[in-house]
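Handing you this structure, nothing more for now.
The values are calculated or read from the model by the stated rules, or taken from the named source; none is laboratory data. Because the structure is predicted, anything quoted here is derived from the model rather than measured. Note that each Cβ is placed from the backbone with ideal geometry, even for glycine, and that neighbours are counted across all protein chains shown.
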Amino acid sequence: MEASQLRLSSFELIAQKLVYGGDALGHHEGRPVLVPYVLPGERVEAEVVRVAKGVLHARPRRILEAAPERIAPPCPYYARCGGCHYQHLSAERQSEVKSGILRETLRRIGKISWEQPIPVLTAYPWGYRNQAQFKVRPTGEGGIVLGYFEAQSHRLLPVGKCPILSPRLNSVLAELNKPLWAMTLADCREVELLADDQDARVAITLKGDFPPRSGGALASRLLAEMPGVASVTVDAGRQRRVFGAPKLEYQVGDFRYRVSPGSFFQTSRFLLPDFVAAVTGVEPGGLALDLFAGVGLFTLPLARRFEQVIAVEAEPSTAADLKENAAAHSFVNVRSLTATACDFLRRFAQTGADLVVLDPPRAGVGAATLKLLVALRPQWVHCVSCSPPTLARDLGYLVAHGYQLHSVELFDFFPQTYHLESVTKLVR
């Protein structure tokens, strides 16, 4: 049923609770309603924008009765930009909400009733992002617009400054918004930025349809004229060229990681040392498996604690970074492999690993990989997740196959958004 077929243009709603995804849940005429930018207990006038699987997705037209905890969002783009969801709530309250959502998701999807406290680690709630992606569109008047997509659309919202970005990335954004760069960025569709741990050096990736010479000329100009730019990658689809430093270096604790353009690295510059310590702070042992290893964020600390670490990463360029990072720290006890976790486990026959670290993408680990994993009977499994629903599904499988949930921690890497990172530990 389309929203236009409903016999209502707007209706009143009292929000009951916040759910994963940034929306508040309420009900209208017996049907569930999801509406963003609303707090529990608030009475709002809402209008339906779409219907999916029996759920009304609405937008708020007016706040009729505001909750006492509502605050004024500081960002002028809030509720238009699709990046943030909780700026109308204090940072402390956001963390409490996320903890409750994580606990409820474990119960509802994973059938796991975790009654113990969930420690929440927080940091300064602004200026934390060390990575950003901006869409680029021509204005039709010889200029360009850089910005984010509007919420639930592909309309581009011009952005001059983003309060959750690091100061260095905001300075680069301000420079790119100047008219002097308009002509040179005309062939660019997207700009990606990554800053180092000191927020001093930036790697820029330009994606677009660049004529043979213009991409290189633009890269050289950015390196020469823009403060802090250490590397520029010109990605024209089938051809990718890197100018300046081939890799950006990022320090976390005692370890320095080299990150190539396109390799995944954590996008929040705060809390990373505590995060790594939570995942890798275990008793020394014989064998650890680091699956979905990335550039080796957990592999290197694990190599100090275990006689052997096998690190597995599917993406070839990221796996090359992983191998290089282990060699740069002289870890001869690290074996790095380019493979999916499932393919690796299908061939791996050694049982009784002391620890397996799982850090999958948002889609989670999946039943096929977990089936192979539990057959190896590792003593400990540490799960890192950015998605409570897929985490709950995967934990439910592990608990049903002989593992007991030992601890749950939440890292609020992404204040002002519904996103969260968690570390859960299971023991056999």
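Quick one: count up the residues across region 260-303 that are buried (at least 23 other Cβ atoms within 10 Å of the Cβ), among the hydrophobic types (A, V, I, L, M, F, W, C) and assigned to a strand (DSSP E or B).
Final tally of qualifying residues: 3.
Right, Val35: closer than 20 Å to Cys81 by Cβ, part of a strand (DSSP E or B) and at pLDDT below 95 or not? Walk me through it before giving the result.
Details: closer than 20 Å to Cys81 by Cβ: yes; part of a strand (DSSP E or B): yes; at pLDDT below 95: no.
Judged against the criteria, Val35 is not a match.
Within region 79-92, is even one residue more than 17 Å from Gln416 (Cβ to Cβ) and either without any contact (Cβ under 8 Å) to a residue 60 or more places away in the chain or in contact with an Asp or Glu (Cβ under 7 Å, 6 or more places away or on another chain) (or both)? Break it down into steps so the answer makes sense when it comes.
Step one: of region 79-92, the residues more than 17 Å from Gln416 (Cβ to Cβ) are none.
No, region 79-92 has no match at all.
Next question, about the same structure. I need the strands (runs of 3 or more DSSP E) fully contained in region 314-400, keeping only those with at least 1 residues that are touching a residue at least 60 places away in the same chain (Cβ under 8 Å) and either in contact with a strand residue (DSSP E or B) (Cβ under 8 Å, 6 or more places away or on another chain) or under 27 Å from Ser268 (Cβ atoms) (or both). Steps first, answer last, please.
Details: elements: 334-338, 355-358, 380-385.
Passing ranges, in order: 355-358, 380-385.
Just to be sure I understand, how many residues within region 40-55 are closer than 19 Å to Tyr20 by Cα, at pLDDT 95 or above and either surrounded by 22 or more Cβ atoms within 10 Å (Cβ to Cβ) or among the charged types (D, E, K, R) (or both)?
1
Return only the number of the condition from (1) in contact (Cβ under 8 Å) with a residue 24 or more places away in the chain; (2) aliphatic (A, V, I, L, M); (3) over 30 Å from Val159 (Cα atoms) that Val38 does not satisfy.
All conditions pass for Val38, except number (3).
I'd like the residue in region 160-179 that is surrounded by fewer than 18 Cβ atoms within 10 Å (Cβ to Cβ) and touching an Asp or Glu at 6+ places or on another chain (Cβ under 9 Å) and, out of all such residues, is modelled with the highest pLDDT.
Applying the filter and picking the extreme gives Pro167.
Just the residues that are assigned to a loop (DSSP other than H, G, I, E, B) and either among the aliphatic types (A, V, I, L, M) or in contact (Cβ under 8 Å) with a residue 12 or more places away in the chain (or both), please, taken from region 169-188. I'd like the intermediate steps shown before the answer.
First pass over region 169-188, keeping only residues assigned to a loop (DSSP other than H, G, I, E, B): 177-178, 182-187.
Matches in region 169-188: Asn177, Ala182, Met183, Thr184, Leu185, Ala186, Asp187.
Quick check on region 235-258. Is at least one of its residues of a type in the set (S, T, N, Q), buried (at least 19 other Cβ atoms within 10 Å of the Cβ) and over 23 Å from Ser422 (Cβ atoms)?
Within region 235-258 (the criterion being of a type in the set (S, T, N, Q), buried (at least 19 other Cβ atoms within 10 Å of the Cβ) and over 23 Å from Ser422 (Cβ atoms)), the answer is no, since none of the residues qualifies.
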